[in-house]
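Student: This is the structure, below, for whatever I ask next.
The values are calculated or read from the model by the stated rules, or taken from the named source; none is laboratory data. Note that the structure is predicted; figures quoted are calculated from it, not measured. Here the Cβ positions follow ideal geometry from the backbone for every residue, glycine too, while neighbour counts run over all protein chains shown. These area figures cover heavy atoms from the full protein model, side chains too; ligands, DNA and RNA do not enter into them. Shrake-Rupley method; radii C 1.70, N 1.55, O 1.52, S 1.80 Å.
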Amino acid sequence: MPPSTGLSKLVMALTGRKGQGPQKSTALPPETLRRTVDPASLGFDTTRSVTPASGLIGQDRALRAIQFGANIRQSDFNLFVLGPTGTGKTTAVKSHLSEKARREPGRSDWVYVNNFEDPDKPKAIALPRGRAERLARAMIETIEELKTALPAIFEGDDYQTRRRAIDEEFRSVQESQLDHIAQKARGQSIALMRTPTGFAMAPMHEGKVIERPVFEALPKETQEDFESKIEALQKELQDALEQMPRGQKERRRRLMELNEEVAGHAVRQAIGDVEAEFADLPDITAHLEEARSDLIRNVGVFLSSGEDGEGMVSQPVDTVRDARFRRYLVNVVIADGHGADGAPIVEELNPTYGNLMGRVEHIARMGALLTDFLLIKPGALHKANGGYLLIDARKLLLSPFAWEALKRALKSREIKIEPPAETMGLVSTQTLEPDPIPLDVKVVLFGDRQLYYLLAAHDPDFDRLFKVQADFDETIERNGDNDRAYAAVIASIVRTHELKPIDASGVARLIEQGSRYADDSERLSLEIGKLGDLIREADYWAGTAGRETIGRADIQKAVDEATHRADRARDKTQETIAREIVILDVAGAKVGQINGLSVLSLGNFAFGRPSRITARVRMGSGRVTDIEREVKLGGPLHSKGVMILWGFLAGRYAQDVPLALAASLVFEQSYGGVDGDSASSAELYCLLSALAEVPISQSFAVTGSVNQHGEVQAIGGVNEKIEGFFDVCARRGLTGEQGVLIPKSNIQHLMLREDVVEAVRAGRFAVHAVSSIDEGIEILTGVASGERDKSGQYPEGTVNRLVEDRLRAFARASKAFHAGAADGKPTS
C-alpha cells in the first residue's frame, strides 16, 4: 500500500528529502557537460606547421551566392550579404571580388567640361581608360603656355606697329575733319577752341577773339551775322562729332580682328598638340574646337583689365584658381586609379547622399556663393562605376535621401547629380545641371537578417533591385575535419595579425571556446571577429608572461579577463543574493515555491540570474493569473507559457469535471520585464506543488519550456543559466544536493565552465536532464508522479493523484457553493 498523502508530506518535511535515488539516476555524467578536444588529435605542435586557411570555412551557400551575384551582369541582380557581424562577410566579398575584378576590363574615364553655350549645364564626356588625367594636364599646360606667349606677342613690335597704324588711321581722319571745320571757321573770322568740356566757337577780329563787351558794342547786323555763321559751323561740328563714335566702333572692330588674327596663330599652335593627341575622340575634338574659338574671342583675359588689353598681368596666379581660365580646364570625375588594373572595388564607409551621388560645391566670394563645373565632386557611384560598390545597409538607410537616391540611380542606370532638397521639391535655387553619367555598377549591401527581411517586406523596390542574397551562417558542424579546418582559420588569424604561434593545447581550447560561442557542443562559431579578438588578447597575456608561444593557459586567461571586464552587473546580482537582499533558498523544501532561471544580456555579455517563483491556489473559476502580465511586466511569450499551463491542467486533470481553480503565479522581487517561455516548466512544477501540497526541494533550479502535453522543450542560454545558479550555490557552499533541471534536448548545447564540470565530477553539484514534467516533478519532490492504471486512476500518494484529488475537491466545493447560493441557503 502506498503511504498516505499526509505521511508522505511529513516524512519529506522531517527528513529534508533524504535518499534522492531518482535524482542521481537522471544526473548527467561530467563528460556530457563540456565537449573537450584532445590536443594530440589535431596532429601538430604549434600553428607554425599549420597551413593558414585561404578563405572561409562552412560558408559554401553564401560563397556560391556571391559568385553568382558577381558574375551575372544583369543590372538588377545586386547582392545583399546578410548574417551576424564578425563572420567575415566583408572579407569574403572583397576576396572574391578582387580576384574577379583583376580579370575584368577597365572602365572608361569620365570628365566634366564647360558648356560654352550654356555654362549652367556642364557636359560629361567619356574617354578611354587612363586618358582623362592626361587631358586635364594638357589643358593646364596649354593655358600656362598661353599666359606666357600671348602677352609677349601683344607686346611685340609687329603687333604694336600694326596697332599704331590702325590708331593713327582713325586719329588722322578725326583730326582732318576737325582741321577742315577750324579752317572754314577761320575763313569766316570764327575761332574753334578746345575746352575741358568740349569744343567752343567765338568771333574773331584781326586774329584775336572778340571780348564779350566789344561784341555787344558791334552793330546788331554784325552780331546776327556772326551768330548765324557760328550756328552753321556748330551744326557741321556736331555732325563731325557724331561720326566719331562710329569711327571708334570701327576702330575697336579693326583692333579685335587684329587681336584675333594675332592670337589665333598662338592659340592654334598651343592647342594643336592637344587636338592631335585626342584626334581619335570626336567629343573631345569638338570641345577643343569650342575652347579654341572662345580663347581667341576672349584673348583679353590673358592681358590686363584695361579697355583694350594692353600690358601683362602683374601678379602670377595659379591657373586652376584663376577665375579667368577655369572655364577652359577639365574636371576629372572618373579615372583609372593611377594605373590600377581591372574593375574598381569601392567601399563607402559613410554613405551620405553627397558621398554616394556626388555634389556641386560652392565658394563664398564677396558675400555670394559661386560655383562652376570644376566644383562638381564625384561620389562613390562615380568611383565604383564599371565595378563594385560595397555599402553597410544600416548606415545607408540612416542617411537622409541616400537610399532613395541609390534606387533611382540603379533603376535609371545613370548618375545624376542634383541637390537632395531639390529632388524632394523643397527648394528651387539656381545651380548647375551636369549631364548624367551612364551607370554600370554591382552594388553589394551588408546587413543583418532582420534588416533584410524588413526591406523585403516593406520596400517594393528592394526585391526588384537586390535579387541575390548571400546568407552567412553563424556556425558549422563540429567534427574532426572541421576541428582541423578551424585550426587553419586560427593559423590564418595568427599570420594576419603577426601574433605568436599557438600550441596544440591552445588551439584545442579555442575550438572549445568556439563551441561555447555557438552555444552548442556539436557546432563551432563562425564569428571570426570574436575569435580573432580572443587570440590577440591571449597573445598579449602570453607576452606579459614572457612566453614565446600561446598556450591553453593564455587562452583561458584571455577568456577570464574579458569576462571580468564585463561582469560587474553579474557580481552585483550575485552579491544581492548572497546578502539576502534578494531572497533565494538553495536548501530545504517548500510548497508552491521553486527557483527559476533567466538570462540577462548586457551588451555582448550574458549571465544567468536565479529567481524565486511562487504559486498560490484556491477554489475559483478556472483562471491561472499571471501577475507579471497583469501589471504589464510580462511579455507575450511569457504570457503564452502561462496560458499553456492552463491547457495542461485542464487536459490532464479536468476532462470530466470543471476546472474550478484560481491560481496566481509570480516572479518574486522582479522589477523589470519578464519575457520568454523558458520558465513555464518551473511555473508548472510550482503550481503542481501548490495543488498537491508537496514541497519542492529548494536545492534545485529549473529551466525549460513546456507544451500542453507536459513535454519539456529546449530553451536558450542553458549554459549561462546553469552557471548562474552554480555561482549562487558556490557562494553559500556546495552541499552535493544542489543541481539544475534542464530539458533533455538541451544536452547537446552544454559547454559549461570547467569549474562547474569539476564540481559535478566531484559530486558537489548535478545537472539533470528531463523530457517531461512527470520526470521533473519526481526529482524535485522525491514523490512518484504516477501513471493512470487500466481504470483511469492514478495510484494513491502520487503527485498526479494528489493534484487530481485537489482539483476534484475544488469542483465539488464550487458546485456545492453555487447550489447553496441558488437555494438561498447558507453554505459552509
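Student: Test of understanding: what is the full-extension gain from Glu145 to Ser54, defined as 0.36 nm times their sequence separation minus their Cα-Cα distance? Please report the intermediate quantities before stating the final value.
Tutor: Values: separation 91, 0.36 × 91 = 32.76 nm, distance 5.42 nm.
Taking Glu145 through Ser54 to full extension adds about 27.3 nm, to one decimal.
Student: Please list the non-local residues whose amide H lies under 5 Å from the amide H of Ile334, H modeled 1.01 Å from N, same-chain partners needing a gap of 5 or more.
Tutor: For Ile334, the qualifying residues are Trp110.
Student: Skipping prolines and chain starts, which residues have an amide H placed within reach, meaning under 5 Å, of the one on Ala589, given they are 5 or more residues away or on another chain?
Tutor: Excluding prolines and chain starts, which carry no amide H, the hits are Gln698.
Student: Also, I was wondering about something else. Per residue of the range 273-280, in order, report the coupling 6.51 cos²θ - 1.76 cosθ + 1.60 (Karplus, θ = phi - 60°) as ³J(HN,Hα) in whole Hz, putting x for Gly and Pro.
Tutor: Using θ = phi - 60°, the values come out as 5, 5, 4, 5, 5, 10, 5, 7 Hz.
Student: Let me ask something else about it. Roughly how much of Met256 is accessible, in Å² to the nearest 10, using a 1.4 Å probe?
Tutor: 110 Å²
Student: While we're here: Taking Cα atoms, how many degrees apart are the long axis of helix 636-653 and the longest axis of the chain, rounded to 10 and kept between 0 and 90?
Tutor: Relative to the chain, helix 636-653 is tipped by roughly 30 degrees.
Student: Through the Karplus equation 6.51 cos²θ - 1.76 cosθ + 1.60, θ set to phi - 60°, convert the phi angles of the range 230-236 into ³J(HN,Hα) values in whole Hz; use x for Gly and Pro.
Tutor: My calculation for the range 230-236 gives 4, 4, 5, 5, 4, 5, 5 Hz in order.
Student: Next question. Can you tell me what share of the DSSP beta bridges in the chain is antiparallel? A percent to the nearest 5 is fine.
Tutor: On the way: 52 of 85 bridges.
Of all bridge pairs located within the chain, approximately 60 percent are antiparallel.
Student: Report the label-to-label distance for Leu734 and Lys815 in nanometres (one decimal), using points 7 Å from each Cα along the Cα→Cβ vector.
Tutor: 5.3 nm
Student: Ok, one more. For Lys147, give me every one of the lysines with a C-alpha distance below 26 angstrom, ignoring sequence neighbours fewer than eight places off in its own chain.
Tutor: Leaving aside lysines fewer than 8 places away in the same chain, those within reach of Lys147 are Lys123.
Student: I'd like to check one number: the per residue accessible area of the chain, probe 1.4 Å, reported in Å² as a whole number.
Tutor: Details: 40790 Å² over 828 residues.
So the chain comes to 49 Å² accessible per residue, rounded to a whole number.
Student: By average Cβ neighbour count within 10 Å, what is the ranking of 540-553, 102-115 from highest down? List each step's numbers first, then the result.
Tutor: Numbers: 540-553: 16.3, 102-115: 19.4.
Ranked from most to least packed, the peptides come out as 102-115, 540-553.
Student: Among Lys411/Lys467; Lys572/Lys640; Lys500/Lys530; Lys100/Lys377; Lys94/Lys442, which pairs are too far apart, with a Cα-Cα distance over 21 Å? Numbers along the way, then the final one.
Tutor: Details: Lys411/Lys467 13 Å; Lys572/Lys640 31 Å; Lys500/Lys530 18 Å; Lys100/Lys377 28 Å; Lys94/Lys442 13 Å.
Too far apart for the 21 Å limit: Lys572/Lys640; Lys100/Lys377.
Student: Can I ask one more? Can you send over the solvent-accessible area of Lys640, 1.4 Å probe, protein chains only, in Å² to the nearest 10?
Tutor: Counting only protein heavy atoms, the figure is 120 Å².
Student: Just reorder Ile644, Ile363, Ile490 by solvent-accessible area, largest first, 1.4 Å probe, all chains present. Display every interim value, and only then the final one.
Tutor: Numbers: Ile644 30, Ile363 65, Ile490 0 Å².
The residues order as Ile363, Ile644, Ile490, largest area first.
Student: Something else about it: Can you show me the helix-derived [θ] at 222 nm for the chain, built from DSSP H runs with n ≥ 4 at -39,500 (n - 2.57) apiece and divided by the number of residues, rounded to the nearest 500. Can you show the working numbers first?
Tutor: Numbers: 28 runs with 391 residues, N = 828.
About -15000 deg cm²/dmol.
Student: Now a separate question. Got a sec? Charge dipole of the chain, +1 on Cβ for Lys and Arg, -1 for Asp and Glu; which of Leu356, Ala819, Pro105 is way out at the positive end?
Tutor: Of the candidates, Ala819 comes out farthest on the positive side.
Student: Classify the range 685-777 from the C-alpha gyration tensor, please: rounded if a/c falls under 1.5, else prolate or oblate depending on whether a/b exceeds b/c.
Tutor: On the way: a/c = 2.34, a/b = 1.34, b/c = 1.75.
Because a/c hits 1.5 or more and a/b fails to exceed b/c, the range 685-777 counts as oblate.
Student: A follow-up question, please. How are the C-alpha pair distances of the chain spread across 10 Å bins, as whole percents from the shortest bin up?
Tutor: In order of increasing distance, the bins hold 2, 9, 13, 12, 12, 11, 9, 7, 6, 5, 4, 3, 3, 2, 1, 1, 0, 0 percent.
Student: To continue, here is another question. Can you compute the charge dipole magnitude of the chain about its Cα centre, using +1 on each Lys and Arg Cβ and -1 on each Asp and Glu Cβ, nothing else charged? Give it in debye, rounded to the nearest 20.
Tutor: Values: 105 positive and 120 negative charges, 838 e Å.
So the dipole magnitude of the chain works out to roughly 4020 debye.
Student: Separate question: Stokes-Einstein diffusion coefficient for the range 511-623 at 20 °C in a medium of 1.002 mPa s, Rh from the Kirkwood formula over Cα pairs: what value in µm²/s?
Tutor: Numbers: Rh = 17.6 Å.
After rounding, the answer is 122 µm²/s.
Student: Rounded to the nearest 0.05, what FRET efficiency do Ala368 and Gln450 have when you use their Cβ-Cβ distance and R0 = 56 Å? Walk me through the intermediate numbers first.
Tutor: Working: r = 48 Å, r/R0 = 0.86.
Efficiency for this residue pair is about 0.70.
Student: While we're here: What angle, in degrees between 0 and 90 and rounded to the nearest 10, separates the Cα long axis of helix 504-518 from the longest principal axis of the Cα atoms of the chain?
Tutor: 90 degrees
Student: May I pose another question? Just how many % of Cα pairs in the range 398-513 lie over 21 Å apart, if you round to the nearest whole percent? Walk me through the intermediate numbers first.
Tutor: Values: 4153 of 6670 pairs.
The answer is 62 percent, as a whole percent.
Student: Need one word for the range 536-586: rounded, prolate or oblate. Basis is the Cα gyration tensor (sqrt eigenvalues a ≥ b ≥ c); a/c below 1.5 gives rounded, then a/b vs b/c decides.
Tutor: On the way: a/c = 5.06, a/b = 3.62, b/c = 1.40.
Prolate, because a/c is 1.5 or more and a/b exceeds b/c.
Student: While we're on this one: Arranged from highest to lowest average of other beta-carbon atoms within 10 Å per residue, in what order do the peptides 696-703, 503-510, 813-820, 209-216 appear? Please report the intermediate quantities before stating the final value.
Tutor: Numbers: 696-703: 26.4, 503-510: 24.5, 813-820: 13.8, 209-216: 12.1.
Result, highest mean Cβ count within 10 Å first: 696-703, 503-510, 813-820, 209-216.
Student: Can you tell me what the convex hull of the Cα atoms of the range 346-418 projects to on average, as an area in nm²?
Tutor: 5.5 nm²
Student: Enumerate the calculated ³J(HN,Hα) couplings along the range 695-704 in order (Karplus 6.51 cos²θ - 1.76 cosθ + 1.60, θ = phi - 60°), each rounded to whole Hz, writing x wherever the residue is Gly or Pro.
Tutor: Along the range 695-704, the couplings run x, 9, 5, 7, 6, 10, 10, 10, 9, x Hz.
Student: Given a Förster distance of 35 angstrom, what is the FRET efficiency for Asp463 paired with Lys377, based on the Cβ-Cβ distance and rounded to 0.05?
Tutor: Values: r = 32 Å, r/R0 = 0.93.
Result of the calculation: an efficiency of 0.60.
Student: Between 0 and 90 degrees, rounded to the nearest ten: what's the tilt of helix 449-458 against the longest Cα principal axis of the chain?
Tutor: The angle comes out at about 70 degrees.
Student: Same structure again: Could you compute Rg(Cα) / (2.2 N^0.38 Å) for the range 450-578, with N its residue count?
Tutor: On the way: Rg = 19.0 Å, N = 129, 2.2 N^0.38 = 13.9 Å.
Cα Rg divided by the expected 2.2 N^0.38 Å: 1.36.
Student: Let me ask something else. Sorted by accessible area with a 1.4 angstrom probe, largest first, how do Lys416, Lys442 fall?
Tutor: Values: Lys416 100, Lys442 5 Å².
So, going from the largest accessible area down, we get Lys416, Lys442.
Student: Give the long-range amide H neighbours of Gly106: residues separated by 5 or more places, or on another chain, with amide H under 5 Å away, using H modelled in the peptide plane at 1.01 Å from N.
Tutor: Amide H to amide H, under 5 Å and 5 or more residues apart or across chains, Gly106 pairs with Gly342.
Student: Taking 8 Å as the Cα distance limit and 6 or more residues as the minimum spacing, I'd like the relative contact order of the chain as a percentage. Mind showing how you got there, number by number?
Tutor: Numbers: 1383 pairs, mean separation 141.2, N = 828.
Taking the mean separation of contacting Cα pairs over the length of the chain, I get 17 percent.
Student: Now for a different question. Hey, which lysines would be in cross-link range of Lys208, C-alpha to C-alpha under 24 Å, not counting anything within fewer than 8 residues on its own chain?
Tutor: Result set, ordered by chain and number: Lys184, Lys220, Lys229, Lys235.
Student: Normalising by the residue count of the range 537-613, find the relative contact order in percent from Cα pairs under 8 Å and 6+ residues apart. Kindly include the intermediate steps, with their values, before the conclusion.
Tutor: On the way: 59 pairs, mean separation 15.8, N = 77.
Computed over the range 537-613, the figure is 20 percent.
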